[in-house]
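Notes to accompany the following structure.
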Amino acid sequence: MTNSNSSALDSGTAATENIAGPANHSLLKKGGPDDILLLAYKKVEKKLEAALKTHLSNIVDCDMKVEVADSEKLKFQDWISGQESVSVYLEFQLGALDNPILVRIARTFLTASVDCFFGGQFDGETHSTGALKKSEIAMIERLGGAIANGLSVSWSTLLETTVRYNCCYYAKEDIELELEDENILVSATSVHLSGHRIAAIDVVQTLDGLIAIEPQLNRPHLHKVNEIDPIWKENLKDSVEQIYLPVRSVLARPTMLLSELSRLAVGDILPVAPTDNVPLIVGDRVFAHGSIGEQSGGVAFKIKNFL
């Protein structure tokens, strides 16, 4: 996707119906369809407020108050089409997942951050218009790093991973997400800066992204045991059992002079000392020891012990 300096639209709300996830996915089977999934994500949200406050304050170099509202479940297209004020959109990557986390930053908050960074005060109204200034572009990079750190801290409540800042879209039309489940969770975040409240940030988490990390989640209904998703575990077991590995046994490892080796001819016999400690080798590791015998007219290997 190509970034442009055209303006984008900002926060709005849109109602949408709840859609149950895939029937064969254990986390999305409702007693209420994604109750377990949403409860797990609540752990991230609870930690997000303090994490964002810490890292954003360090960047802006100004004391601030951050309030993260409970997430609202929307369809992505409903959310993005409802943006009505100038904003920029930051993309973050959670671990190795394909589905990004999006963060909308209001232009008002961006302007206020620049003012405070350079020792000024935000008056509650002023914000830049038109093409982004160099100072604002530089601030986007700083805010991207701070938000990535805040997201990493908040996600650590569920799993050990890193959130990385990828890029910024200056217009909502540049954003393209390929989603199997169109639902997203939007956490509206307000910031109090210089005594003024700003509808500053939306943190957007896709349900596809949550589904992808389901096997690693500390799901609340398990209480004492962080059990792996049984569906995922069974599928992994079936896949692993279909892997082919080279298996061989070695009767002897004789050594010969190069002159002896060069005189070998068809019919020559190499003596092999009898042994009941023949190694069975899988790949390049000794897996067991045994002896060579006969079964049904063929050579057979009898396992005596495993290593």
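Evaluate the range 276-295: report whether one residue or more is exposed (fewer than 10 other Cβ atoms within 10 Å of the Cβ) and of a type in the set (A, V, I, L, M, F, W, C). The answer is no, given that none of the residues of the range 276-295 is exposed (fewer than 10 other Cβ atoms within 10 Å of the Cβ) and of a type in the set (A, V, I, L, M, F, W, C).
I'm trying to understand the selection: among the residues of the range 152-171, which are open to solvent by 30 Å² or more (accessible area, probe 1.4 Å) and either under 11 Å from the mean Cα position of the chain (by Cα) or modelled with pLDDT of 90 or more (or both)? Selection gives 153, 160, 161, 162, 164, 165, 166, 167, 170. Do you know which residues across the range 38-52 are surrounded by 21 or more Cβ atoms within 10 Å (Cβ to Cβ) and touching a Gly at 6+ places or on another chain (Cβ under 9 Å)? Across the range 38-52, the qualifying residues are 48, 51, 52. Applying the criterion of being open to solvent by 20 Å² or more (accessible area, probe 1.4 Å) and hydrophobic (A, V, I, L, M, F, W, C) to the residues of the range 179-201, the residue that is farthest from residue 74 (Cα to Cα) is 199. In the set (1) out of contact with any helix residue (DSSP H, G or I) (no Cβ under 6 Å at 6 or more places or on another chain); (2) farther than 17 Å from residue 48 by Cβ; (3) basic (Lys, Arg), the condition left unmet by residue 142 is number (1). Annotation for the range 117-138: no member residue is surrounded by 21 or more Cβ atoms within 10 Å (Cβ to Cβ) and part of a helix (DSSP H, G or I). Filtering 52, 97, 110 for residues that are assigned to a loop (DSSP other than H, G, I, E, B) and touching a helix residue (DSSP H, G or I) at 6+ places or on another chain (Cβ under 9 Å) leaves a single hit, 97.
Just give me the residues in the range 70-87 being part of a loop (DSSP other than H, G, I, E, B), open to solvent by 50 Å² or more (accessible area, probe 1.4 Å) and out of contact with any helix residue (DSSP H, G or I) (no Cβ under 8 Å at 6 or more places or on another chain), in sequence order. Walk me through it before giving the result.
Initial filter on the range 70-87 (part of a loop (DSSP other than H, G, I, E, B)): 70-71, 82-86.
Now narrow it down to the ones that are open to solvent by 50 Å² or more (accessible area, probe 1.4 Å): 70, 84-86.
Within the range 70-87, just 84 meets the criteria.
The single condition among (1) part of a helix (DSSP H, G or I); (2) in contact with a helix residue (DSSP H, G or I) (Cβ under 9 Å, 6 or more places away or on another chain); (3) at pLDDT 80 or above that residue 239 does not meet is (2).
Name every residue in the range 50-78 that is in contact with a strand residue (DSSP E or B) (Cβ under 9 Å, 6 or more places away or on another chain), free of Cβ contacts under 8 Å to residues at least 60 places away in the same chain and acidic (Asp, Glu), in order of residue number. Passing the criteria: only 63. Checking each residue in the range 103-116 for being touching a Ser or Thr at 6+ places or on another chain (Cβ under 8 Å), open to solvent by less than 10 Å² (accessible area, probe 1.4 Å) and aliphatic (A, V, I, L, M) picks out 105, 106, 110, 112.
The values are calculated or read from the model by the stated rules, or taken from the named source; none is laboratory data. Treat the numbers as computed from the prediction; the structure is a model and nothing was measured. FYI the Cβ positions are ideal-geometry reconstructions off the backbone, even for glycines, and counts take in every protein chain you see. Surface accessibility is based on the protein's heavy atoms, side chains included, excluding ligands, DNA and RNA. Shrake-Rupley method; radii C 1.70, N 1.55, O 1.52, S 1.80 Å.
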